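Novice: If you scroll down you'll find the structure; I have some questions about it.
Values in this text are rule-based calculations from the coordinates and carry no lab data. Values in this document were obtained by computation on a predicted structure and should not be read as measured data. Virtual Cβ from ideal backbone geometry, glycine too; neighbours counted across all protein chains shown.
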Amino acid sequence: MAKVLIVYATDYGNTKKMAESFFKGVSSVKGAEPIMQEAEKASKEAVRDCDALVLGTPVHMGACDWRIKKFIDTICSALWMKDVMVGRVGAVFASGSGFGNSAGGAELALLSMLNNLVELGLIIIPLPKNTEGYDVAGLQWGPYGRSAGIHMEQTGVGEEQLVSSFHHGKQVARATLHLKGNKIFSKE
Ligand SMILES: Cc1cc2nc3c(=O)[nH]c(=O)nc-3n(C[C@H](O)[C@H](O)[C@H](O)COP(=O)(O)O)c2cc1C
């Protein structure tokens with residue numbers, strides 16, 4: 001069984017919706033088990049025992065939410081010290097309001113989490129543009145659901161914006177099954 005741990009933060013539920021569709025995508029793959037935890041309640045044991053770690057954040061001032069960073073600094077850093085996570089799988093997603101026609105720092109928010117996942121030694125699964133739903137809610141780094149229109153009117157992340165996170169859940173689950181037990185970074 002490949003365990004995919006989805007850790008997310010949310011204030012208004014948009015990122016949670018994306019986490020739920022990612023969860024469903026993982027569950028649809030035989031042999032994969034999704035686990036979903038809010039960043040502030042996430043446990044070190046769940047991280048230590050997972051085969052893939054997926055982070056989801058609202059875009060906050062062009063970066064990830066502080067609860068995600070706290071999770072990384074308090075829970076993941078102890079595992080980083082001992083290289084526990086090296087060779088496992090990592091992925092990210094985000095929700096943001098954007099501004100006008102711009103994504104309001106969504107790429108930076110995704111990259112700010114990817115940077116930390118790479119530091120842990122995870123093998124990152126990108127979001128190729130041929131992924132279903134990418135054209136509506138995708139960036140090459142991961143699913144990005146926009147929760148507001150060009151005038152900042154709050155629309156919330158709608159159903160069609162959840163398609164890419166569902167399919168990325170599948171992709172990450174398949175990659176995790178494929179890579180579980182890999183010896184890419186072995187010293188042998
Ligand atoms: C403190 C704060 C800062 C934010 N900064 C940004 C930002 O820089 N860019 C952006 O696109 N949206 C920004 N937003 C909007 C949220 O990212 C957006 O509403 C998101 O969908 C909320 O996700 P949630 O419902 O999971 O909390 C910000 C929201 C808050 C509360």
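Novice: Roughly what would the spin-label model give for D49 and Y12, points 7 Å off Cα along C-beta, in nm?
Specialist: Between D49 and Y12, the simple spin-label model gives 3.6 nm.
Novice: Looking only at region 53-83, which residues have a backbone nitrogen under 19 Å from a spot 7 Å from the Cα of K187 in the C-beta direction?
Specialist: 79-83
Novice: With angles folded into 0 to 90 degrees, how steeply does helix 14-27 sit against the dominant principal axis of the chain? Use alpha carbons for both and round to 10.
Specialist: 50
Novice: If you don't mind, another one. Could you point to the residue in Q161, H60, V118 farthest towards the positive end of the chain's charge dipole, with +1 and -1 charges on the Cβ of Lys/Arg and Asp/Glu respectively?
Specialist: Most positive-ward Cα: V118.
Novice: Nearest 5 percent is fine: what portion of the DSSP beta bridges confined to region 20-130 is antiparallel?
Specialist: On the way: 2 of 11 bridges.
Bridges in region 20-130 that DSSP calls antiparallel: roughly 20 percent.
Novice: Another question about this same structure. Amide H of A2: which non-local residues (sequence gap of 5 or more, or other chain) have their own amide H closer than 5 Å, using H built in the peptide plane?
Specialist: A32, E33
Novice: Then there is this: Which one, A137, A78, A46, has the greatest fluctuation when you compute a Gaussian network model over the chain with C-alpha springs under 10 angstrom?
Specialist: A78
Novice: Could you give the dipole magnitude of region 76-142 about its Cα centre, charging the beta-carbon of Lys and Arg +1 and that of Asp and Glu -1, in debye to the nearest 20? Numbers along the way, then the final one.
Specialist: Working: 3 positive and 5 negative charges, 29 e Å.
The dipole of region 76-142 has a size of about 140 debye.
Novice: Shifting gears a bit: Which of T131, T74, T15 moves most in a GNM of the chain, Cα contacts under 10 Å?
Specialist: T74
Novice: Still on this structure: As I understand it, the value is the acute angle between the Cα axis of helix 106-119 and the longest principal axis of the Cα atoms of the chain; what does it come to in degrees, rounded to 10?
Specialist: 10
Novice: Let me know the shape class of region 1-69, please: from the alpha-carbon gyration tensor, a ≥ b ≥ c as square roots of the eigenvalues, rounded when a/c is under 1.5, otherwise prolate if a/b is greater than b/c, or oblate. Walk me through the intermediate numbers first.
Specialist: Numbers: a/c = 2.53, a/b = 1.52, b/c = 1.66.
Cα axes put region 1-69 in the oblate bin.
Novice: What are the residues whose amide H is under 5 Å from the amide H of M36, where those residues sit 5 or more places off or on another chain and H is modelled from the backbone?
Specialist: Distant-sequence amide H within range of M36: I6.
Novice: Give, as a single signed number, the net charge of other residues whose beta carbon lies under 15 Å from the beta carbon of K16, with Lys and Arg counted +1 and Asp and Glu -1. The partial results should precede the final answer.
Specialist: Values: positive: K17, K24, K41, R67; negative: D11, E20, E38, E40, D65, E159.
Residues near K16 contribute -2 overall.
Novice: Provide the percentage of antiparallel DSSP beta bridges, counting only those with both residues in the chain; round to the nearest 5.
Specialist: Percentage antiparallel, nearest 5: 15.
Novice: Which of W141, A78, G105 sits closest to the plus end of the dipole of region 38-150, meaning its Cα is farthest towards the positive end, when Lys and Arg get +1 and Asp and Glu get -1 on the C-beta?
Specialist: A78
Novice: Between K82 and E159, take the C-beta separation as r, use R0 = 35 Å, and let me know the FRET efficiency to the nearest 0.05. Can you show the working numbers first?
Specialist: Numbers: r = 42 Å, r/R0 = 1.19.
The formula returns an efficiency of 0.25 here.
Novice: Let me ask you something else. Need one number: nm distance between label points at D135 and S102, each 7 Å from Cα along Cα→Cβ, rounded to one decimal.
Specialist: Each label point lies 7 Å from its Cα, and together they span 2.7 nm.
Novice: Moving to a separate point now. At 222 nm, what helix-only mean residue ellipticity would the chain give, in deg cm²/dmol to the nearest 500, using -39500 (n - 2.57) for each DSSP H run of four or more? Walk me through the numbers before you get to the answer.
Specialist: Working: 7 runs with 66 residues, N = 188.
Mean residue ellipticity at 222 nm (helix-derived): -10000 deg cm²/dmol.
Novice: Compare the peptides 167-178, 100-111 by average per-residue count of other Cβ atoms within 10 angstrom and give them in order, highest first.
Specialist: Working: 167-178: 22.6, 100-111: 17.9.
Final packing ranking: 167-178, 100-111.
Novice: For the chain, modelled as a Gaussian network with Cα springs under 10 Å, which listed residue fluctuates most, F166, F23, F99?
Specialist: F99
Novice: Evaluate the charge dipole of the chain about its Cα centre and quote only its size in Debye, nearest 20, assuming +1 on the Cβ of each Lys and Arg and -1 on the Cβ of each Asp and Glu. It would help to have the intermediate numbers written out before the result.
Specialist: Working: 20 positive and 19 negative charges, 112 e Å.
It comes to approximately 540 debye.
Novice: May I ask you to sort M152, M113, M81, M18 by Cβ crowding, counting other Cβ atoms within 10 Å and putting the fewest first? The partial results should precede the final answer.
Specialist: Numbers: M152 11, M113 27, M81 8, M18 33.
Going from sparsest to densest Cβ surroundings: M81, M152, M113, M18.
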